[in-house]
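First up is the structure itself, then whatever we jot down about it.
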Amino acid sequence: QNPSGRKPFSTITLAREMDFLTNYLSLEALQTDPPFRYSVENATGLAAEEVTLPPMLVQPLLENAVLHGVRKLRGRQGDIRVVFRARGTTLVVEVTDNGVGMQERQGGTADPLRYRSRGGQMLKERLYLIQQLGFPAMLNHTPREDGGTTAVLKLEHMI
């Protein structure tokens with residue numbers, strides 16, 4: 001960060017990001033039969049107008065949860081949950097779905113080298129650029145026991 005406290009890249013408030021994500025999920029849920037449930041929660045303990053983050057980092061995670069997770073469910077309703085948390089100066093974004101899981105998404109294998117998401121690749125490239133500007137960022141995907149997936153995005157120095 002420079003001395004003025006401004007970040008060397010564009011940012012939006014958490015409030016705007018949450019509105020965008022809610023609208024995105026609302027539209028996607030209408031295209032799913034039955035419509036999946038979703039929630040977007042600010043658990044940072046801070047006003048959503050006070051927290052900033054780079055735009056369009058969370059949306060690709062939701063797109064994967066929708067297209068490769070809950071849309072492929074058969075016989076049960078999908079559920080996607082987005083939670084924003086604060087840990088010191090780190091913004092933690094957790095995207096959880098109860099979709100088909102990583103093995104089915106990847107054609108029956110848990111080998112991440114066999115499955116390449118274009119949105120996921122672009123997200124990794126954006127995170128790399130943010131890291132090069134001095135803002136550590138990391139992304140992890142974890143399969144859930146219920147067959148779903150949890151993606152955790154950590155963005156340091158955002159709070």
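The values are calculated or read from the model by the stated rules, or taken from the named source; none is laboratory data. A quick note: this is a predicted structure, and the numbers were derived from the prediction, not measured. Using ideal geometry, Cβ is built from the backbone for each residue, glycine included, and neighbour counts are taken over all protein chains shown. The accessibility values were calculated without ligands, DNA or RNA, using every heavy atom of the protein model including side chains. Shrake-Rupley method; radii C 1.70, N 1.55, O 1.52, S 1.80 Å.
Note that the range 60-65 has calculated 3J(HN,Hα) couplings of x, 5, 5, 4, 5, 4 Hz, one per residue in order, obtained from phi through the Karplus relation 6.51 cos²θ - 1.76 cosθ + 1.60 (θ = phi - 60°); glycine and proline are x. Using heavy atoms of the protein chains and a probe of 1.4 Å, the accessible area assigned to TYR38 is about 80 Å².
A simple rule links phi to the HN-Hα coupling: the Karplus curve 6.51 cos²θ - 1.76 cosθ + 1.60 with θ = phi - 60°, which for the range 121-138 gives 5, 5, 4, 4, 5, 5, 4, 4, 5, 4, 4, 5, 8, x, 10, x, 8, 8 Hz, with x for Gly and Pro.
Spacing of the modelled spin labels on GLN59 and ARG74, each 7 Å from Cα toward Cβ, amounts to 3.3 nm. To the nearest Å, what is the center-to-center distance of the range 57-98 and the range 118-143, using C-alpha atoms only? About 16 Å separates the Cα centre of the range 57-98 from the one of the range 118-143. Counting only alpha carbon atoms, the long axis of helix 14-30 and the longest principal axis of the chain meet at about 20°. For the pair PHE9 and THR142, label points projected 7 Å from Cα toward Cβ lie 2.4 nm apart.
Taken over the chain, the percentage of Cα pairs per 10 Å bin, counting from 0 up to the bin with the maximum distance, is 10, 40, 34, 14, 2, 0.
Proximity of backbone amide H atoms, modeled 1.01 Å from N, is registered between VAL40 and VAL82 at under 5 Å, excluding neighbours fewer than 5 places apart on the same chain. The stretch between SER26 and ALA47 holds 5.3 nm of extra length on full extension. This uses 0.36 nm per residue minus the Cα-Cα distance. Of all lysines in the structure, the ones whose alpha carbon falls short of 18 Å from that of LYS124, not counting any fewer than 8 places away in one chain, are LYS154. If the viscosity is 0.890 mPa s and the temperature 25 °C, what translational diffusion coefficient in µm²/s does Stokes-Einstein give for the range 32-82 when Rh comes from Kirkwood over Cα pairs? Translational D for this selection: 194 µm²/s. The modelled label-to-label distance for the pair LEU67/GLU125, using points 7 Å beyond Cα in the direction of Cβ, is 1.5 nm.
What is the extension gain from VAL83 to ASP33, computed as 0.36 nm multiplied by their sequence separation minus the C-alpha to C-alpha distance, in nm to one decimal?
15.6 nm
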